[in-house]
1. What residue among Arg292, Arg264, Arg18 has the largest mean-square fluctuation in a Gaussian network model of the chain, using Cα springs under 10 Å?
2. Anything over 31 Å Cα to Cα? Flag those among Lys66/Lys316; Lys66/Lys177; Lys207/Lys316, in the order listed.
3. Please report His133, His67, His32 as a ranked list, fewest other C-beta atoms within 10 angstrom at the top and most at the bottom.
4. Could you work out how far helix 185-198 tilts from the main Cα principal axis of the chain, as a 0 to 90 degree angle to the nearest 10?
5. Nearest 10 degrees, 0 to 90: what angle lies between the long axis of helix 66-76 and the longest principal axis of the chain (Cα atoms)?
6. Using helices alone, what [θ] at 222 nm do you get for the chain, with -39,500 (n - 2.57) per DSSP H run of 4 or more residues, divided over all residues and rounded to the nearest 500?
7. Specify the inter-centroid distance of the range 177-248 and the range 310-351, based on alpha-carbon positions, in whole Å.
8. Only counting other Cβ atoms within 10 Å, I'd like Glu193, Glu397, Glu412, Glu106 sorted with the fewest neighbours first.
Amino acid sequence: MAQTEFFDALETRSPDEREAAHVAALPAQIAHAKKHAPAFAELLADVDPATITSRAALARLPVIRKHELLERQTAHRARDPFGGFSALRWGPGMGRVFASPGPIYEPEGATRDYWRAARALYAAGFRAGELVHNAFSYHMTPGAFILESGAQAVGCTVFPAGTGQTEQQLQAITELKPHGYTGTPSFLRILLEKAAEAGVDVSSIRKASVGGEACPPSLTAWFAERGVAVYQTYATADLGLVAYETSAREGLVVEEGVLVEIVRPGTREPVPDGEVGELVVTSFNPAYPLVRFGTGDLSAILPGTCPTGRTAPRIKGWMGRADQTTKVRGMFVHPSQVADIVRHFPQVAKARLVVSGEMANDQMCLRVEVPASGNAELQQQLEAAVREVTKLRAQVELVAPGALPNDGKVIEDARSYR
């Protein structure tokens with residue numbers, strides 16, 4: 001049955017109203033980023049924030065990918081561990097600082113529900129007056145705090161279980177009887193299996209908000225058979241919550257505090273709705289004002305709105321990694337290079353570089369969608385462009401529009417590694 005309760009009125013405003021509000025907020029957020037985050041002052045030096053009044057205008061700005069964030073943090077670490085991306089400084093406005101692998105450092109502002117996780121938990125059925133067993137890690141990374149702050153914003157009490165120590169966690173569950181679980185799906189499965197083996201009653205947990213790894217439908221069904229309704233979240237340490245699952249089980253609803261684009265991997269160019277590409281997010285968080293932040297994850301926009309009544313856009317969820325960089329004959333080939341190759345050929349609608357053969361005997365074939373095949377001159381021009389950009393030779397195959405899979409892959413590594 002569709003859920004009819006909502007965390008706030010923002011979730012049910014009309015799509016046009018939401019889009020207008022987001023677009024209207026862009027100039028001020030970009031101006032704020034340029035003024036208070038030195039990295040954006042440099043990256044957007046030639047941008048007049050007042051002119052960014054549409055998605056088309058936003059799409060002209062560069063995409064900031066995680067490797068660039070790490071490079072800037074590393075280069076400026078002695079004077080600014082955030083690489084110029086944070087608008088916060090040490091003190092009361094920054095409650096915590098976290099470290100993700102890299103290391104990449106992320107600030108946490110001191111505002112209520114800073115990571116905006118409350119809507120995800122509310123959609124998963126969490127309500128005020130309940131106890132949440134939080135099994136995300138409380139060590140260095142922000143995962144546990146993302147869900148903890150969201151649970152507290154809903155009105156829940158949180159047991160900071162963290163990871164590991166399964167026997168102690170089971171004891172706490174049997175004695176405290178939490179109403180729900182937050183953490184990875186794999187650890188929830190471990191807890192339920194260990195409880196069954198030990199004859200321990202953990203049936204108080206009837207719902208869960210999970211993240212950090214994939215939770216396929218088969219696993220969701222496994223939990224349901226054991227009385228636990230599991231809902232997925234998509235969040236990052238840089239952005240906080242981006243999207244969340246509802247009782248409709250139809251993709252993930254985009255959180256109200258972000259603007260989402262899907263771009264062709266390796267480029268800044270948005271793809272049509274429904275096409276798989278890299279998830280790029282602009283956050284309206286003033287503390288960490290990331291503009292066009294490339295998550296490196298693949299997804300796609302779903303048509304229509306959620307049957308629960310939430311009207312925000314929906315994404316399909318995590319569909320793989322966008323960074324498909326691979327090494328061919330000792331040289332790295334990047335998705336951005338494929339984009340550079342086809343940029344000079346307007347008749348090419350889509351391209352896919354297929355690397356095949358066995359190790360040490362690599363072969364490349366650039367498959368391109370064009371309106372008509374059999375154009376020998378175009379094939380030769382594309383082959384020359386591949387050599388110029390990648391310094392490697394490749395065959396070119398012209399295929400009909402729509403022939404390439406809609407999976408977001410720009411580089412397909414089809415080599416045999418046996």
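1. Result: Arg18 has the largest fluctuation of those listed.
2. Beyond 31 Å: Lys66/Lys177.
3. Listing His133, His67, His32 from fewest to most nearby Cβ atoms yields His67, His32, His133.
4. 40
5. 80
6. -8500 deg cm²/dmol
7. So the separation of the two Cα centres works out to 32 Å.
8. Glu193, Glu397, Glu412, Glu106
We did not get these values from a lab; they are worked out from the coordinates using the rules stated. Please read these numbers as outputs of a predicted model, since none were measured by experiment. Positions of Cβ are generated from backbone atoms using ideal geometry, with glycine treated the same way; all protein chains shown enter the neighbour counts.
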